[in-house]
1. Where nothing but the Cβ of Lys and Arg (+1) and of Asp and Glu (-1) is charged, how large is the charge dipole of the protein assembly as shown around its Cα centre, in debye to the nearest 20?
2. From zero outward in steps of 5 Å, how is the percent of C-alpha pairs of the stretch B:128-286 spread across the bins?
3. How big is the Kirkwood radius of the protein assembly as shown, worked out from every pair of different alpha carbons and given in Å to one decimal?
4. Normalised by the number of residues in the stretch B:52-170, what is the relative contact order in percent for Cα pairs under 8 Å and 6+ residues apart?
5. Can you list the cysteines of chain B that have no other Cys Cβ under 4.7 Å away?
6. When N is the residue count of chain B, what does its C-alpha Rg come to as a fraction of 2.2 N^0.38 Å?
7. To make sure I understand the rule: partners must be aspartates and glutamates, Cα under 13 Å from the Cα of A:K86, and not fewer than 8 residues away in the same chain. Which ones qualify?
8. Mind checking A:369-379 for the average number of partner chain beta-carbons within 10 Å of each residue's beta-carbon?
Amino acid sequence: MSEWEIAVNRAINNNVPKVFQILNKYPYILELAKKLREAKLQVLSNPEKYIEETINSVKRIGGNAYFVRDANEAREVISKIVGSGKKVVMGKSMVAYEIGLRKYLQSIGNEVWETDLGEFLIQLADEPPSHILAPAVHMTKERIAKLIREKLHVDVDVNSSHEELVAKVREFLREKFIKADVGITGANAVAADTGSVILVENEGNIRMSSVLPTVHIAVAGVEKIVPTFYDALTEATVQAAFAGLYPPTYINVSSGPSSTGDIEMKRVSPAHGPKEFHLVIVDNGRIEISRDEVLKETLLCIRCGRCHMHCPVYRVEGVDWGDPPYTGPMGAMWSYAVYRDTKPAMYCMHSGNCKEVCPMKINIPRVLERIKAIGNGSIRDGDGYGKK
Amino acid sequence: MLGKIILQNLEKHDFPYNIDKKICSGWANDLPKGGETILFTSCMHQTASLSDTFSRTIPLAEKVPSLSVFAKLIKPNKEQLERSYKVLRNIASLLKKNGVNFGYLYEEEPYSGAILLELGYLNEFGIHAERVTKFLKEKGVKRIITVDPHTHNALNRYNEFTKFDIEVVNYLELVKDAKIKTDVSFVIHDSCLYSRFLGLRDVYRQILTNAGGKIVEDLMVTSKEVSYCCGSPIKPVNHELGEKVAKSRVEQLKKLSENILVVCPMCYANLSKYHNKIYDLAEVVE
């Protein structure tokens, strides 16, 4: 068996039964998922309105918010906030990867560290991520031990336990958190009505990235916006459950910079946490996709990564299927949504497992069928289905 | 480009590539021709063994159409053809035993267009669907009995492209009574289309159980959410990938039982390269 097959089979055996158990034990999650789909569709029917509402809400709570059209604009806005010669810690963000943020910030003279363990390993190996949730799922424990030993010069070997490996990275990253000037995170959901950013995590790296530095920048795709704070918490709950990590260790809410109301109950900012909060909302082709009745389903994806584990093409083809960070069935949709690349969709063999397990009930094979037709020149993007 | 080549072949040969249509109808000689209810094979069982040659040629066909399998006359070997005939005769016999009357269009039977749909040639599929619909209406067809998932799925989609008011029913839905021929137990390799798109997953399980058959199930191998494809549909895009999927699927199934049961001719063609105890449902019940 190849290294990929060993690694992915271990991940499947750990993850797949776990998600079934969670959904069995907490049946309300399926109800929440249904409601979340409706909430997200509401935003997709009028994204401009919700972007405006989000920006106003963030400003109202003392933060700054920006809407950017593409990757260039996103890098420009963020690099103006960060500057150069800074120490930056990042929480895993697909959009940050999509816009090439880490490498760009490094290129303008910043020291940048990924703090999600999987993403950190990807950074050390200088490889693209292979799974939305577990970016280093393609690496076996043995390979990770070798990587850490070589890059961090620490005393681990192939026989080191999972726990020992995690402990070594913890030691290395804690120092980075403490000294960081800027923390950059993604967002699992953004509440339009309050301007709050919700992040789900297990490692504790996101709360440290978003609280220890004096500046917190959250970067999120348009599709992360949901109408209300309640919907945003719902998204975090559903995402964690379908990812197989329920209850999540932490759910973080950031509503503007840190504040306190302890002196005469007057709300004052900053307090102990960041002095500045910035939200960067990225379009990068998403709004155009939202106008197509079939393709817009892509934007309902909450990136739980469950479809990967059930897809025969991903299981066999793995890392090479899709444009990083967007691999797997959902990645084949996203590769078109943000890069307009139709090739990954061609690899869909319509097994349909992805649609069975998708929390948002996205008929992924149907979306990919449409992208195939666009790629084949059979229909043009924007054309409706055949004649009635 | 490829969509256009296939579409042209459909116009010229009534099939995605050049075959002698007599091989499609060779299994049937005692069925009435035509009628309001017809059994519709779309020549899938009869030509499934050719899918390998077809998928290997596709990448070339786009570059040099004239040199490909698309232009030459090809046919399955005798043994493979005879087996497919036996499966079709058993299906017809099962239907008759269950009191279903039907006709058959013999060489005039059109192809469903499934390959266009599955490779993402939606516009071309729509054009083909219109032509087939017109033909079937001229023949007075009111009800179609399908015998494979790809044809069933394609016909199910016609309505998105043209006004299609012919009833489509699968033979599995009509067989209420059957008897098992053997006492071995089977692991079922589900057809993706039957299982996850057409809602027939429990129907063939019921047929097998009612017939006295024994089935081995396992969440990680045979459940609706975890069981997966035979690899066949990806072969025209990437032959090697399709083979890898088939091989890995057979390995999973064999852990549960040596006897693997399929309900789709494409699954049979693809998986049987890696195992010799693969049977179609219509081979094990009567």
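The values are calculated or read from the model by the stated rules, or taken from the named source; none is laboratory data. Just so you know, these numbers come straight off a predicted model, no measurement behind them. Glycine gets a Cβ as well: all are built from the backbone with ideal geometry, and neighbour counts include every protein chain shown. Remember, those area values only see protein heavy atoms, side chains included, never the ligands or the DNA or RNA. Shrake-Rupley method; radii C 1.70, N 1.55, O 1.52, S 1.80 Å.
1. 780
2. 1, 9, 17, 19, 18, 14, 10, 7, 3, 1, 0
3. Answer for the protein assembly as shown: a Kirkwood hydrodynamic radius of 27.0 Å.
4. About 19 percent, as a whole number.
5. Cysteines of chain B left without a disulfide-compatible partner: B:C192, B:C229.
6. 0.96
7. Reachable aspartates and glutamates: A:E111, A:D181.
8. Other-chain Cβ atoms within 10 Å of each residue's Cβ, averaged: 6.
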